[in-house]
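Have a look at the structure below before the remarks.
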Amino acid sequence: MLRKASIPALRQQIDRIDDQLLRLLSRRAELALAIAEQKARSNSGVYAPAREKGVLARLARASAGPLPESLVRAIFREIISASRSLEQRLRIAYFGPEATFTHVAARQQFGAAADYRPVASIGEVFHEVENGRADLGVVPIENSTEGMVAHTLDLLADSPLSICAEISLPVQHNLLARRGTTIRKVKRVIAHPQALAQCRRWLAEHLPAVATGAEASNARAAERARGQAGVAAIAAEAAAETYGLAVLAESIQDEPGNLTRFAVLSGHDAPQPSGDDKTSILFSVRDEVGILSRMLKPFAAHRIDLIKIESRPLRGRPWEYVFFLDLKGHRRERRVQQALADVGRAALRLKVLGSYPAAPAPDRGRVPESPGR
């Protein structure tokens, strides 16, 4: 019946539905304000990642189409963002500048109704949150091709901040240059070193004689490419739009399944368990034969899955290491508490870096715009 109706008639139905949606959104906002009043009395934080994850997961499961799950999540992410801003407009520090991969990750997590504050380094993100100039921070922590971001791990070891959420994004790199430039006119390619590494095979095949250069971020590379003829940048569609560049080649990353993972930093206690959580910890140990094997036994004994283990040199102690672990579960679960207590008794130092909702698997149907770090 709908397909037989005229376009004006169909638009009238859409208008009526829009009016209903607006009334429901207003009612939802009123309820959000009522919750905000109760949160203020109990001194609860505005950002509730476990609750937000649960809402988005439930709605994605409930959708019968035709909207795909990724669009359902995107629509309700903005509704949540707008409702949250009625309580407080969050200040989000991120490793910038604008149109970096970290910026895209932050926008995906917190929506349009937040204040985004770019800073020049990962360390400055930590400082902004620690000093109260930002409510939350977003930093890269791991790439599925290049591994862990060592600087982020080192800062987490000493910072009072904790991880309250994670974001996972597919990496899609593009070759950008000034409008009117062709690939044959490219004399130099610039990007963040990690982006250059992730595109090395494509560059070797398509631009074998072209020099490369490192920049602090892919967005900074795009900014430079805008002002220099013959220079191309590896960045993203968002960077092309921001700096007025043309896309010479799309998706030039060597690994189509390449993902970057980001940590959301907070100065508050761990969020409530969501039922699908991760906990990140670090510990240091004495230099003894078989010590790492003994340290991992409590996790097996309490049936806890380890997702990742990474070692870093212990500063000032040559040939001694600190270990970073990600495990499935929340620090408030009894089995996790018991395992951590066992590890703590044997470790020189044990620090819980955070318990937080596991990020949903990224949608592969449409890769989000993803400027480089």
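The values are calculated or read from the model by the stated rules, or taken from the named source; none is laboratory data. Every value quoted in this text rests on a predicted model; they were computed, and no experiment measured them. Every residue, glycine as well, gets a Cβ built from its backbone with ideal geometry; the counts of neighbours run over all protein chains shown. Calculation scope for accessible area: heavy atoms of the full protein, side chains included, ligands and nucleic acids excluded. Shrake-Rupley method; radii C 1.70, N 1.55, O 1.52, S 1.80 Å.
Taken over segment 80-94, the criterion of being open to solvent by 60 Å² or more (accessible area, probe 1.4 Å) and charged (D, E, K, R) is satisfied by 89, 91.
Among the residues in segment 29-37, are any crowded, with 19+ Cβ neighbours inside 10 Å and β-branched (Val, Ile, Thr)? Looking for residues that are crowded, with 19+ Cβ neighbours inside 10 Å and β-branched (Val, Ile, Thr), one finds none in segment 29-37, hence no. Inside segment 295-348, can you point out the residues that are hydrophobic (A, V, I, L, M, F, W, C) and farther than 23 Å from residue 270 by Cα? 295, 296, 300, 301, 314, 319, 346, 348, listed by residue number. Residues that are at pLDDT 95 or above, under 26 Å from residue 91 (Cβ atoms) and among the aliphatic types (A, V, I, L, M): does segment 264-274 have at least one? Yes - at least one qualifying residue is present in segment 264-274. Checking the stated criteria, residue 20 turns out not to satisfy the condition of being over 16 Å from residue 79 (Cβ atoms), polar (S, T, N, Q) and over 30 Å from the mean Cα position of the chain (by Cα). What single numbered condition from (1) open to solvent by less than 30 Å² (accessible area, probe 1.4 Å); (2) modelled with pLDDT under 95; (3) of a type in the set (A, V, I, L, M, F, W, C) fails to hold for residue 150? It fails just one condition, (1). With respect to (1) of a type outside the set (S, T, N, Q); (2) in a strand (DSSP E or B); (3) more than 18 Å from the chain's Cα centre (by Cα), the lone exception for residue 165 is condition (3). Per this entry, residue 67 is not counted among residues that are touching a residue at least 24 places away in the same chain (Cβ under 8 Å), open to solvent by 50 Å² or more (accessible area, probe 1.4 Å) and over 22 Å from the mean Cα position of the chain (by Cα).
Residue under question is residue 56, and the condition is that it be touching a residue at least 12 places away in the same chain (Cβ under 8 Å), open to solvent by less than 100 Å² (accessible area, probe 1.4 Å) and not acidic (Asp, Glu); does it hold? Here the answer is yes, as residue 56 does meet what is asked. Residue under question is residue 97, and the condition is that it be open to solvent by less than 80 Å² (accessible area, probe 1.4 Å), farther than 23 Å from residue 273 by Cα, out of contact with any Phe, Trp or Tyr (no Cβ under 7 Å at 6 or more places or on another chain) and modelled with pLDDT of 90 or more; does it hold? No.
As for segment 205-215, it holds no residue that is in contact with a strand residue (DSSP E or B) (Cβ under 6 Å, 6 or more places away or on another chain) and touching a residue at least 60 places away in the same chain (Cβ under 8 Å). When the strands (runs of 3 or more DSSP E) confined to segment 243-329 are screened for residues that are in contact (Cβ under 8 Å) with a residue 60 or more places away in the chain and over 30 Å from residue 201 (Cβ atoms), those reaching at least 3 such residues are found at 259-266, 277-284.
Residues in segment 314-350 that are closer than 16 Å to residue 275 by Cα, surrounded by fewer than 20 Cβ atoms within 10 Å (Cβ to Cβ) and touching an Asp or Glu at 6+ places or on another chain (Cβ under 6 Å): 328 only.
Would you say residue 142 is at pLDDT 95 or above and not basic (Lys, Arg)? So residue 142 does not fit the description; no.
Residue check: residue 259 meets all listed conditions (1) touching an Asp or Glu at 6+ places or on another chain (Cβ under 8 Å); (2) open to solvent by less than 50 Å² (accessible area, probe 1.4 Å) but one, namely (1).
Can you confirm whether segment 111-133 contains a residue that is among the β-branched types (Val, Ile, Thr), in contact (Cβ under 8 Å) with a residue 60 or more places away in the chain and crowded, with 17+ Cβ neighbours inside 10 Å? Yes, segment 111-133 contains a residue that is among the β-branched types (Val, Ile, Thr), in contact (Cβ under 8 Å) with a residue 60 or more places away in the chain and crowded, with 17+ Cβ neighbours inside 10 Å. If the condition is being over 29 Å from residue 315 (Cβ atoms) and open to solvent by less than 10 Å² (accessible area, probe 1.4 Å), then segment 153-186 contributes 169, 170, 171, 173, 174, 175, 176, 177, 186.
Of note, residue 77 does not satisfy the criterion of being farther than 16 Å from residue 218 by Cβ, open to solvent by 10 Å² or more (accessible area, probe 1.4 Å), in contact (Cβ under 8 Å) with a residue 40 or more places away in the chain and of a type in the set (D, E, K, R).
In segment 199-242, the qualifying residues are those that are assigned to a helix (DSSP H, G or I) and touching a Lys or Arg at 6+ places or on another chain (Cβ under 8 Å), and the one that is most open to solvent (accessible area, probe 1.4 Å) is 226.
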